[in-house]
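A short write-up of the structure that comes next.
Rule-based calculations on the coordinates, nothing more; no lab input. Small disclaimer: the values here were computed from a predicted structure and weren't measured. Using ideal geometry, Cβ is built from the backbone for each residue, glycine included, and neighbour counts are taken over all protein chains shown.
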Amino acid sequence: MTPADVFLRLVHGVAAGDYAALPDLYAEQTDVRHPMAPGGDRPLLSRDALRAHFTGTGPAVAQTIEFRPDNIRIHQTEDPEVIVAEFEYAGVRPADGATFRVPCVFVLRVRDGEIVQSRDYVDHLAMARARGTLDQVFAAAREPRDTAAAS
């Protein structure tokens, strides 16, 4: 699978709620970061950590919104393992019919069909607004960031 193929499986799998299959897109030892996360970046460094992440985060998101990846633009780099993908998650909040768009940029390094490194830049405020969880995001943002993890 090419890096673009892996990326497409990832974002469509997230939107479809296929959380059990998503960790298999990653290498056993990986490095996934969310540099813009309001509560600080907490690197996910293994497939098991990703399994716990998708099991915890995925169902919570799926309970509040329905979405799909949209406006996907995949940029190849000089490094054949690395792509930059720009896209939006577009969807609706079933509780009140409100629609939303969440801009995202993922920078992926894919080796032998598995993600070995990812930097996921997501508009966390737009996602929290869509889910109705702005208060939790603001509370997390007030907490001191753990900068040691990024070193």
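For the chain, what are the per-bin percents of Cα-Cα distances with bins 5 Å wide, up to the bin holding the maximum?
2, 10, 17, 22, 23, 16, 8, 3, 0
Shape call for region 72-126 from the C-alpha gyration tensor, a ≥ b ≥ c root eigenvalues: rounded (a/c under 1.5), prolate (a/b greater than b/c) or oblate?
Here region 72-126 falls in the prolate category.
Given Cα pairs under 8 Å that are at least 6 residues apart, what percent is the relative contact order of the chain?
Averaging sequence separation for qualifying contacts and normalising by length gives 28 percent for the chain.
Treat each spin label as a single point 7 Å out from the Cα along the C-beta direction, and report the T77 to A60 distance in nm.
Inter-label distance under the simple model: 2.9 nm.
Quick one: compute the contact order of region 1-77, relative version, from alpha carbon pairs under 8 angstrom and 6+ residues apart, as a percent.
Relative contact order, region 1-77: 33 percent.
Tell me, in nm to one decimal, what length is gained between A95 and M36 on full extension, where the rule is 0.36 nm per residue of separation less the Cα-Cα distance?
18.5 nm
If you plug each phi of region 87-97 into the Karplus form 6.51 cos²θ - 1.76 cosθ + 1.60 with θ = phi - 60°, what whole-Hz ³J(HN,Hα) values come out, in order, with x for Gly and Pro?
Working through the residues one at a time gives 6, 10, 8, 10, x, 9, 9, x, 4, 9, x Hz.
Would you mind calculating the gained length between A52 and E28 on full extension (0.36 nm times residue separation, minus the Cα-Cα distance), in nm to one decimal?
7.3 nm
Please pull out the direction-averaged projected area of region 41-88, using the convex hull of its alpha-carbon atoms, in nm² to one decimal place.
Spelled out: convex hull of the Cα atoms, projected over all directions, averaged, 4.9 nm².
Taking the Cβ-Cβ separation of T2 and R129 as r and a Förster radius of 41 Å, what is the calculated FRET efficiency to the nearest 0.05?
Result of the calculation: an efficiency of 0.75.
Scan region 1-90 for GluC sites (Glu not before Pro) in coil per DSSP, keeping those whose Cβ has at most 16 other Cβ atoms within 10 Å, and list them by number.
Those satisfying the criteria are E78, E81.
Report the equivalent ellipsoid semi-axes for region 11-68 in whole Å, largest first, defined as the square roots of five times the eigenvalues of the gyration tensor built from alpha carbon atoms.
Sorted largest first and rounded, they come to 19, 15, 9 Å.
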